[in-house]
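The structure appears right after this line, and notes come after that.
The values are calculated or read from the model by the stated rules, or taken from the named source; none is laboratory data. In this text, all values refer to a predicted model and were calculated from it rather than measured experimentally. Here Cβ is always computed from backbone atoms with ideal geometry, including for glycine, and neighbour counts include all displayed protein chains. All accessible areas refer to the heavy atoms of the entire protein, side chains included, with ligands and DNA or RNA removed. Shrake-Rupley method; radii C 1.70, N 1.55, O 1.52, S 1.80 Å.
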Amino acid sequence: MLFEYLQEHYREGEPIFLDDIRIEGMSRPNFRQQIKTLADSGKIVRYEKGIYYIPKPARYHFSTGPSPETVANYKYIARQGKVSGYYSGGTFANLIGISNQVPAKMEIVTNNSAAIVREVAIGNQRFIVRRSNVPVTNENVSVLQLLGLLKNLDSYLDCGYTNARNRIKTYSLANKITKGDIDRYIRSFPDSVYRFYYEMRLDDVLAP
């Protein structure tokens with residue numbers, strides 16, 4: 001019964017976080033025993049403590065599971081429709097095109113970290129994970145991500161401020177970020193955010 005439930009709710013290779021699963025009428029000891037039985041039989045594979053996946057068929061009979069980036073995304077950024085974090089720093093700067101550098105360690109800001117900042121290993125990759133000083137939600141994630149970028153903007157730029165401003169404009173309009181959104185959260189960020197925001201006249205690139 002449990003395996004059928006997992007097949008119904010999870011795709012092959014998708015991370016399964018055991019803490020997310022509650023099945024009516026099934027006790028946690030029974031649940032853990034059934035997970036162990038499924039893992040022993042090879043129907044599911046343990047990725048790390050508390051995280052499993054249904055293996056995808058692959059050549060040479062090796063199972064394939066989620067990438068480290070996928071697990072990090074589910075663990076720290078969003079799962080089951082709930083956003084709890086975002087890519088930050090040089091990672092986000094590269095994603096929106098103001099930096100050509102691909103950081104060796106992806107940077108994430110999240111609600112799901114007790115430490116202010118720490119380095120974590122997932123699979124064969126390492127990530128810099130920072131605790132958000134403002135709770136990240138589906139509604140504010142884009143605003144916080146933009147303001148976080150401005151905190152150390154000069155350290156990411158591989159282009160001039162004009163190009164950066166255009167990239168920020170594209171992002172702001174795509175995510176419908178307004179001046180009211182900025183005003184609501186900018187006080188939670190360092191003074192450097194104010195400086196970049198007003199010197200680059202970003203009021204003029206926000207959504208109406």
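A few points about this structure:
- The conditions of being in a helix (DSSP H, G or I) and open to solvent by less than 50 Å² (accessible area, probe 1.4 Å) are met by Leu149.
- Contacts under 8 angstrom Cβ, first residue in region 1-30 being in contact (Cβ under 8 Å) with a residue 60 or more places away in the chain, partner open to solvent by less than 40 Å² (accessible area, probe 1.4 Å) and among the charged types (D, E, K, R), 6 or more apart: none
- All told, Asn30 falls short of being touching a Lys or Arg at 6+ places or on another chain (Cβ under 9 Å), of a type in the set (S, T, N, Q) and either more than 16 Å from Asn112 (Cα to Cα) or surrounded by 12 or more Cβ atoms within 10 Å (Cβ to Cβ) (or both).
- Test: Leu173 is modelled with pLDDT of 95 or more, farther than 23 Å from Pro15 by Cβ, over 14 Å from the mean Cα position of the chain (by Cα) and of a type outside the set (S, T, N, Q): yes
- Hits in region 21-35 - residues which are assigned to a helix (DSSP H, G or I) and either modelled with pLDDT under 95 or out of contact with any Phe, Trp or Tyr (no Cβ under 9 Å at 6 or more places or on another chain) (or both): Arg28, Pro29, Asn30, Phe31, Arg32, Gln33
- Qualifying residue in region 87-103 (condition: more than 21 Å from Ser172 (Cβ to Cβ), touching a Ser or Thr at 6+ places or on another chain (Cβ under 6 Å) and at pLDDT 95 or above): no
- Test: residue in region 63-81 that is under 14 Å from Gly123 (Cβ atoms) and either part of a strand (DSSP E or B) or open to solvent by 70 Å² or more (accessible area, probe 1.4 Å) (or both): yes
- Count of residues meeting criterion [in contact (Cβ under 8 Å) with a residue 12 or more places away in the chain and exposed (fewer than 12 other Cβ atoms within 10 Å of the Cβ)] in region 33-46: 1
- Within region 1-20, the set of residues being in a loop (DSSP other than H, G, I, E, B) and closer than 26 Å to Tyr76 by Cα comprises Tyr10, Arg11, Glu12, Gly13, Glu14, Pro15.
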